[in-house]
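The values are calculated or read from the model by the stated rules, or taken from the named source; none is laboratory data. In this text the structure is predicted, and so the values were computed from the model without any measurement. Virtual Cβ from ideal backbone geometry, glycine too; neighbours counted across all protein chains shown. Keep in mind that these areas ignore ligands, DNA and RNA; they rest on the heavy atoms of the full protein, side chains included. Shrake-Rupley method; radii C 1.70, N 1.55, O 1.52, S 1.80 Å.
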Amino acid sequence: MKQFIIHSTDGVILRTGTCPDEVFSLQRSGDELIMEGVADDSTQRIVDGEVVAKPALTSTEQAAVVMLEIRQLRDLLLSGSDWTQVTDSPMTAAQRSDWQTYRQSLRDLTNSFSNATTIEEVTFPTVPN
């Protein structure tokens, strides 16, 4: 069995895996290249056919990554609670109000944590009962 890395021509690791020796090939397929080896796409990339560490993100780049994570999690939580705001939901007016407050807190996350450098710094609001 051979371990392989499939990467783009600009060095981004697209996927990794294992295959039988007889299936492995060093042929190019479109904009993807395959090479034998092991790599971690979160911390490494391919440069001149070698697996190398990715350069550290600048603070601005790191903040952008965290903001994207915040937005993705927030959007999932908002879409999962959309049902609480429809007129025929089985909630009381007080419960609906609690959910409205919760949903507004979710929307405010991007402003409240605009300087976060890790997702662990973000405090998501508590889901109402």
Listed highest first by mean packing, meaning other Cβ atoms within 10 Å per residue, what order do 10-23, 35-48 come in?
-> 35-48, 10-23
Taking 0.36 nm per residue of separation and subtracting the Cα-Cα distance, what length does fully extending LEU14 through SER59 add?
-> 13.7 nm
Mind giving me the FRET efficiency for GLN104 and ASP21? R0 is 41 Å, r the Cβ-Cβ distance, nearest 0.05 is fine.
-> 0.10
What part of the accessible area of segment 1-109, given as a whole %, is carbon or sulfur when the probe is 1.4 angstrom?
-> 53
Per residue accessible area of the chain, 1.4 Å probe, in Å² | 67
What is the helix-to-structure angle for 59-80, meaning the angle in degrees between its Cα long axis and the longest Cα principal axis of the chain, kept from 0 to 90 and rounded to the nearest 10?
-> 50
